[in-house]
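K.L.:
Could you have a look at this structure, given as structure tokens, before my questions?
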Amino acid sequence: MWEKIHDKVESIFEVKQTKYTGKRIFLTFGLIVLMAFSLPLYFRHEEKVHQAYAAEYQQVKEWTDTYYHQKGNYPLGQRVTLEDEKDLSAFFHEYNLNTARDLYYLDHKEAPQLDGLKYTYVIDGDNGALFTTEFVIYRMRRMHIPGH
């Protein structure tokens, strides 16, 4: 009995020669072609996501600028602690941006058109610089501002 168990355990580590049949070669070739086409598809998808992100960002930027020109201040909500927003904090450190800024979430009560947006927006209360708390991957970089 021990001999049968020993043979079974040894057969697990046994390497067998396989034959390359036409079906197997065709399947391997198909997988290689599929891998070759997946990279351009990924870049096309990345471009589409970034364009949608940039369009939404531009719309929010226009809304905040209009609000600023009408009321004289930005629609500031709750103050942002940069340590809580790890992605945004990494972005600031990566690009050597000033981390001592007064950052605020945009107030949805003051600007109700911000409801239902995909991203959460943060604004610098002093100069109106707008960032997103979530990043978008584009050209192998994390972006919190379209193009940067």
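The values are calculated or read from the model by the stated rules, or taken from the named source; none is laboratory data. None of the values given here were measured: they were computed from a predicted structure. Positions of Cβ are backbone-derived with ideal geometry, glycine not excepted, and every protein chain shown enters the neighbour counts. Each accessible area value is taken on the protein alone, full model and side chains, heavy atoms only, with ligands, DNA and RNA left out. Shrake-Rupley method; radii C 1.70, N 1.55, O 1.52, S 1.80 Å.
K.L.:
Out of curiosity, is Tyr104 crowded, with 18+ Cβ neighbours inside 10 Å, within 15 Å of Asn73 (Cβ to Cβ) and among the aromatic types (Phe, Trp, Tyr)?
P.N.:
On the way: crowded, with 18+ Cβ neighbours inside 10 Å: yes; within 15 Å of Asn73 (Cβ to Cβ): yes; among the aromatic types (Phe, Trp, Tyr): yes.
In short, yes.
K.L.:
Restricting to region 1-42, and then to whatever is of a type in the set (Val, Ile, Thr) and part of a loop (DSSP other than H, G, I, E, B), can you tell me which residue is most open to solvent (accessible area, probe 1.4 Å)? Before the answer, list the steps.
P.N.:
Of the residues in region 1-42, the ones of a type in the set (Val, Ile, Thr) are 5, 9, 12, 15, 18, 21, 25, 28, 32-33.
So of that shortlist, the ones also part of a loop (DSSP other than H, G, I, E, B) come out as 15, 18, 21.
Details: Val15: 134, Thr18: 69, Thr21: 72 Å².
Only one residue fits best here, namely Val15.
K.L.:
Since Glu110 meets every condition but one in (1) touching an Asp or Glu at 6+ places or on another chain (Cβ under 9 Å); (2) within 17 Å of Glu62 (Cα to Cα); (3) open to solvent by 10 Å² or more (accessible area, probe 1.4 Å), which condition does it not meet?
P.N.:
(1)
K.L.:
To continue, here is another question. Starting from region 48-72, keep only residues that are part of a helix (DSSP H, G or I), then list their pairs with residues that are of a type in the set (S, T, N, Q) and surrounded by fewer than 17 Cβ atoms within 10 Å (Cβ to Cβ) whose Cβ atoms are within a distance under 8 Å, requiring at least 6 positions of separation or different chains.
P.N.:
Trp63/Gln113
K.L.:
Where residues in region 121-148 are aromatic (Phe, Trp, Tyr) and either surrounded by fewer than 17 Cβ atoms within 10 Å (Cβ to Cβ) or within 10 Å of the chain's Cα centre (by Cα) (or both), which of them is modelled with the highest pLDDT?
P.N.:
Of the residues in region 121-148, the ones aromatic (Phe, Trp, Tyr) are 121, 131, 135, 138.
Filter once more, keeping what is either surrounded by fewer than 17 Cβ atoms within 10 Å (Cβ to Cβ) or within 10 Å of the chain's Cα centre (by Cα) (or both): 135, 138.
Values: Phe135: 81, Tyr138: 75.
Looking at residues that are aromatic (Phe, Trp, Tyr) and either surrounded by fewer than 17 Cβ atoms within 10 Å (Cβ to Cβ) or within 10 Å of the chain's Cα centre (by Cα) (or both), I get Phe135.
K.L.:
Condition test on Gln51, is it open to solvent by 100 Å² or more (accessible area, probe 1.4 Å) and at pLDDT below 85?
P.N.:
no
K.L.:
List the number of the failed condition for Tyr74; all other conditions in (1) open to solvent by 60 Å² or more (accessible area, probe 1.4 Å); (2) touching a strand residue (DSSP E or B) at 6+ places or on another chain (Cβ under 7 Å) hold.
P.N.:
(1)
K.L.:
What are the pairs, 6+ residues apart or on separate chains, where a residue within region 83-100 that is among the acidic types (Asp, Glu) has its Cβ under 6 Å from a residue that is assigned to a loop (DSSP other than H, G, I, E, B)?
P.N.:
Filtered contacts from region 83-100: Glu85/Thr133; Asp87/Phe135.
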